[in-house]
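> Can you keep this structure in mind? I'll have questions shortly.
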Amino acid sequence: MEKSNGNKATQIFWSIVSFLRRCLFLVISVRPIPHHIAFIMDGNRRYAKKRKLKEGDGHRVGFLALMSMLKYCYELGVRYVTIYAFSIDNFKRDPEEVKSLMDLMREKIEGLIKEESIVNQYGIKVHFIGNLKLLSEPVRLAAERAMEATANNSRGVLSICIAYTSTDEIVHAVQESCEEKSDEISVMNASGAGYGLLQLGGNEKEERENIVKLTDIEKHMYMTVAPDPDILIRTSGETRLSNFLLWQSAHCYLYSPSVLWPEIGFRHFTWAILSFQRSYFYLDRKRKQS
């Protein structure tokens, strides 16, 4: 009986907390709300060392922090969230650590598509961003299943950058753009419409049309699934981007709380939003000038 009363009291308490949080979000929403927030989840290993936890447990606690951040984002009305889950450079770590992280990642990816998961609760479409060919087959297949299972969700978008670096994304986009343009020129030459374009040189207009443009590169970027981020949050007090969204973050607000990723909480999230709102009009002006 006492246990039942205790559970009921706990449920009431968290219901009140949730209600108050939503009320605060309504107040915050009076000012501009970011459309897209990106996270660099830094400090999982340091957290485990600090708390004397087993290797890998820091990432498990970090996953719980991620679930909280996703909940806050979607409750506030942020439509796009991007997380830096695993860099290509992380493959250089100890093989046992990489294997442990891949196993944990597969476990959590499979958990995303369960009926009671936050993804289904908030109607989130999941994208896995990066050079997925570098992943082990079980992780890659789990990612593909998650994308397929959430393809019809439309209330929010979660982009998980895995086997990703920004330089790899840019190189990929340039290569794809060049190949596409080369194919277009080949088709034109084969049909006679572009005769002499490559051999003798075409007129100035034709040459301009066959140059790889900025828009050509941008449409081949991995991150075409989301607009550029409005806020990029990196924990641990680090101000480096670590090869994450370099192309997309030219005009976003950078926020670097000193806490380790597993320690990030509601107050840090709220302060990031308020800081963004204070800088919003300056950032918006710079964005329009570019």
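Taken together, the values in this text are just the output of simple stated rules run on the coordinates, not laboratory data. Keep in mind that this is a model prediction, so the values were computed, not measured. Virtual Cβ from ideal backbone geometry, glycine too; neighbours counted across all protein chains shown.
> Return the aspartates and glutamates within reach of LYS219: Cα separation strictly under 17 angstrom, same-chain partners fewer than 8 residues apart disregarded; answer none if there are no such residues.
Counting by Cα, and skipping residues close in sequence, LYS219 has these aspartates and glutamates nearby: ASP168, GLU169, GLU176, GLU179, GLU180, ASP183, GLU184, GLU209, ASP228.
> Once you've got the GNM for the chain with C-alpha springs shorter than 10 Å, pick whichever of TYR164, TYR84, TYR280 has the biggest mean-square fluctuation.
Among TYR164, TYR84, TYR280, the largest mean-square fluctuation in the Gaussian network model of the chain belongs to TYR280.
> Which value in deg cm²/dmol, rounded to the nearest 500, describes the helix-derived mean residue ellipticity at 222 nm for the chain, given -39,500 (n - 2.57) per DSSP H run of n ≥ 4 and division by the residue count?
Details: 10 runs with 150 residues, N = 290.
My calculation for the chain gives -17000 deg cm²/dmol from helical runs alone.
> What is the order of TRP271, TRP261, fewest Cβ neighbours within 10 Å to most?
Lowest to highest Cβ neighbour count: TRP271, TRP261.
> While we're here: Using the Cα gyration tensor of region 76-185, with a ≥ b ≥ c the square roots of its eigenvalues, what is the shape: rounded (a/c below 1.5), prolate (a/b larger than b/c) or oblate (neither)?
Note, shape of region 76-185 comes out oblate.
> For a footprinting-style exposure proxy, rank ILE40, ILE33 by other Cβ within 10 Å, fewest first. If you can, show how the numbers build up before the last one.
Working: ILE40 23, ILE33 19.
Neighbour counts put them in this order, fewest first: ILE33, ILE40.
> Sticking with this structure for a sec: Using only the alpha-carbon atoms, how far is helix 266-289 inclined from the longest principal axis of the chain? Give it as 0 to 90 degrees, nearest 10.
20 degrees
> Of the listed pairs LYS54/LYS99; LYS71/LYS125; LYS49/LYS71; LYS71/LYS114; LYS181/LYS286; LYS71/LYS108, which have alpha-carbon separations greater than 21 Å here?
From the list (LYS54/LYS99; LYS71/LYS125; LYS49/LYS71; LYS71/LYS114; LYS181/LYS286; LYS71/LYS108), the Cα-Cα distance tops 21 Å for LYS49/LYS71; LYS181/LYS286.
> Neighbouring Cβ atoms within 10 Å as the yardstick, rank THR270, THR165 fewest first.
Exposure proxy ranking, most exposed first: THR270, THR165.
> Need one word for region 87-147: rounded, prolate or oblate. Basis is the Cα gyration tensor (sqrt eigenvalues a ≥ b ≥ c); a/c below 1.5 gives rounded, then a/b vs b/c decides. Kindly include the intermediate steps, with their values, before the conclusion.
Details: a/c = 2.47, a/b = 1.91, b/c = 1.29.
Since a/c reaches 1.5 and a/b is larger than b/c, the shape of region 87-147 is classed as prolate.
> Once Rg/Rh (Cα atoms, Kirkwood Rh) is worked out from the coordinates, which option in (1) 1.02; (2) 0.93; (3) 1.05 does it equal?
The value matching this structure is (3).
> Now a separate question. In the Gaussian network model of the chain, springs joining C-alpha atoms below 10 Å, which of ARG22, ARG234, ARG140 carries the largest mean-square fluctuation?
Maximum among the listed residues: ARG22.
> Which residues make up the longest stretch of the chain that has no GluC sites (Glu not before Pro) in a DSSP loop with at most 12 other Cβ atoms within 10 Å? Intermediate results must be reported in sequence, preceding the final value.
Numbers: sites that count: GLU115, GLU116.
By the stated rule (loop sites, at most 12 other Cβ atoms within 10 Å), 117-290.
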